[in-house]
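Chemist: This is the structure I want to talk about, given as structure tokens.
The values are calculated or read from the model by the stated rules, or taken from the named source; none is laboratory data. Computed from a predicted model, the values in this text were never measured in an experiment. FYI the Cβ positions are ideal-geometry reconstructions off the backbone, even for glycines, and counts take in every protein chain you see.
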Amino acid sequence: MSRWHLITGEYPPGGGGIGDYTRLLAAALAERGEAVDVWTSGRAPDGGPAPALADNGGAGNRKAPRVHRIPAFNRAGLRLLSAGLDAAPAPRRLLIQYAPQAMGMRGLNVAFCAWALARRRAGDDVRAMFHEPYFPFGWQRPQRNLLAAINRTMASLLLLASTRAYVSTEAWIPLLRPLGPRHLRITTLPIPSTIPFVPQPDAVRRTRERLLAGREGPLLVHFGTYGELIAPMLIAALREVARRRPSARVLLLGRGAPAFAQRLRALDASTDVVTAGDRLSAEQISIHLQAADAALQPYPDGADTRRTTLMACVANGVPTATADGRFTDQTWREGPIALVDAARPEDMAGAALDRLLAQPRDDMGERTKAFYEANFSMRLTVDRLLADGEAAP
């Protein structure tokens, strides 16, 4: 049996969505009886410098993944990583959690991708999971086009190194296909929710009553970080909610929610928004999401599983209106999700929201959770990885 070696530029307790995903994946593989090592760069959990090849996880628990930290994925760090892998028994299966910026060197770590190709040629089963493929070319910031070109070289090296390739969204396949070997199989591994469903109906009921505070409702929710690309879309949608449904109350969840609420009230005092702070635990976020009747989740490039806030809503059974854009996977068009043109986010407050609220809340919640489990759960990702079986390097 091959041992899985997950290689990632991010891993808890450090922040980052790739790190959160890798932690869930490592645990899920281990629960299925697979042997798992995680190799990551950065600082140790105590905040000190990462000791070379330090194993700081899994002690005393044969099912727990073993976590090793190296200072960085530079040339010295790659030598340390190679030494650690060479000390592990063969056959070795390397699953790289890749995004250009996650591997260090400001997204220009060509040496890492060349190292992966060398490991393949030395006999390891190298596989790459592309969370992001490369930085795009553009005329607005021409100085970044060198980064875009080098990123494509990096992706090409990594595809050449891989016996299998995986992507976080179907949209990456046509971007990567011209850069790799024609025979290489590319499989979609959707990113599951990092906010698992918490079955606490009494806590959900109390939270809903507290948030509505006697109002008629409905109670709507947005979960996000209120960045500069999404905030204008959300403002348009919520102002339309206030116009169409003056009795609605909107719960804002996520980092930056209180500041965004102040900004929205200054623009339109008719919007009835509340926040629950921006430092809730995963369990608290699940309970607050379940308390809502529907979620409004606009994204400028459409709905896909890289949007972890969207996945959290769906995993927790929240009927969701979201954006249909250039990166929207076909799966979203086949589920109980209300899609509107990403260029018209205010339409989320119209017929799309009407359709969601017209159905019994519990029925829509169960349909939404079932849609998530059938298409996006970590169980599905592990099934696909294990079904690939042994690949001949």
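Chemist: In the stretch 89-126, how many are part of a loop (DSSP other than H, G, I, E, B) and out of contact with any strand residue (DSSP E or B) (no Cβ under 6 Å at 6 or more places or on another chain)?
Modeler: Residues meeting the conditions: 9.
Chemist: Would you be able to tell me the number of residues in the stretch 195-226 that are part of a loop (DSSP other than H, G, I, E, B), touching a residue at least 24 places away in the same chain (Cβ under 8 Å) and within 25 Å of the chain's Cα centre (by Cα)?
Modeler: 8
Chemist: Anything in the stretch 261-317 that is on the phi > 0 side of the Ramachandran plot and buried (at least 21 other Cβ atoms within 10 Å of the Cβ)? List them, or say none.
Modeler: First pass over the stretch 261-317, keeping only residues on the phi > 0 side of the Ramachandran plot: 277, 302, 317.
If the condition is that a residue be on the phi > 0 side of the Ramachandran plot and buried (at least 21 other Cβ atoms within 10 Å of the Cβ), then Gly302, Gly317 are the ones that fit.
Chemist: Among the candidates Ala295, Ala266, which residue alone is small (Gly, Ala, Ser) and in contact with a helix residue (DSSP H, G or I) (Cβ under 6 Å, 6 or more places away or on another chain)?
Modeler: One residue alone meets the criteria, Ala295.
Quick grid of which residues meet (1) assigned to a loop (DSSP other than H, G, I, E, B); (2) surrounded by 18 or more Cβ atoms within 10 Å (Cβ to Cβ); (3) modelled with pLDDT of 95 or more:
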position: Pro13; (1), (2), (3): yes, no, no
position: Ile18; (1), (2), (3): no, yes, no
position: Val38; (1), (2), (3): no, yes, yes
position: Ala59; (1), (2), (3): yes, no, no
position: Phe73; (1), (2), (3): yes, yes, yes
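Chemist: Can you name the residue in the stretch 130-148 that is over 20 Å from the mean Cα position of the chain (by Cα) and part of a loop (DSSP other than H, G, I, E, B) and, of all such residues, is nearest to Ala165 (Cα to Cα)?
Modeler: Within the stretch 130-148, the subset over 20 Å from the mean Cα position of the chain (by Cα) is 137-148.
Of the ones still in play, those that are also part of a loop (DSSP other than H, G, I, E, B) are 137-141.
Numbers: Phe137: 23, Gly138: 26, Trp139: 30, Gln140: 31, Arg141: 30 Å.
Restricting to residues being over 20 Å from the mean Cα position of the chain (by Cα) and part of a loop (DSSP other than H, G, I, E, B), the top hit is Phe137.
Chemist: Does at least one position in the stretch 148-164 carry a residue that is more than 19 Å from Gln97 (Cβ to Cβ) and small (Gly, Ala, Ser)?
Modeler: Scanning the stretch 148-164 turns up at least one residue that is more than 19 Å from Gln97 (Cβ to Cβ) and small (Gly, Ala, Ser).
Listed here are the residues, each with its yes/no results for (1) modelled with pLDDT of 95 or more; (2) surrounded by 15 or more Cβ atoms within 10 Å (Cβ to Cβ); (3) more than 30 Å from Leu353 (Cβ to Cβ).
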{"position": "Pro136", "(1), (2), (3)": "no, no, yes"}
{"position": "Pro142", "(1), (2), (3)": "no, no, yes"}
{"position": "Ala161", "(1), (2), (3)": "yes, yes, yes"}
{"position": "Ala171", "(1), (2), (3)": "no, yes, no"}
{"position": "Thr194", "(1), (2), (3)": "no, yes, no"}
{"position": "Arg208", "(1), (2), (3)": "yes, yes, no"}
{"position": "Ile230", "(1), (2), (3)": "yes, yes, no"}
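Chemist: Failed condition for Ala352, given (1) in a helix (DSSP H, G or I); (2) touching a helix residue (DSSP H, G or I) at 6+ places or on another chain (Cβ under 9 Å), with all others met?
Modeler: (2)
Chemist: Out of curiosity, is Arg127 more than 15 Å from Ala35 (Cβ to Cβ) and either surrounded by fewer than 20 Cβ atoms within 10 Å (Cβ to Cβ) or within 23 Å of the chain's Cα centre (by Cα) (or both)?
Modeler: Yes.
Chemist: Okay, moving on. Tell me the strands (runs of 3 or more DSSP E) entirely within the stretch 233-345 that contain at least 3 residues that are of a type in the set (A, V, I, L, M, F, W, C) and either touching a residue at least 60 places away in the same chain (Cβ under 8 Å) or in contact with a Gly (Cβ under 7 Å, 6 or more places away or on another chain) (or both).
Modeler: 294-297
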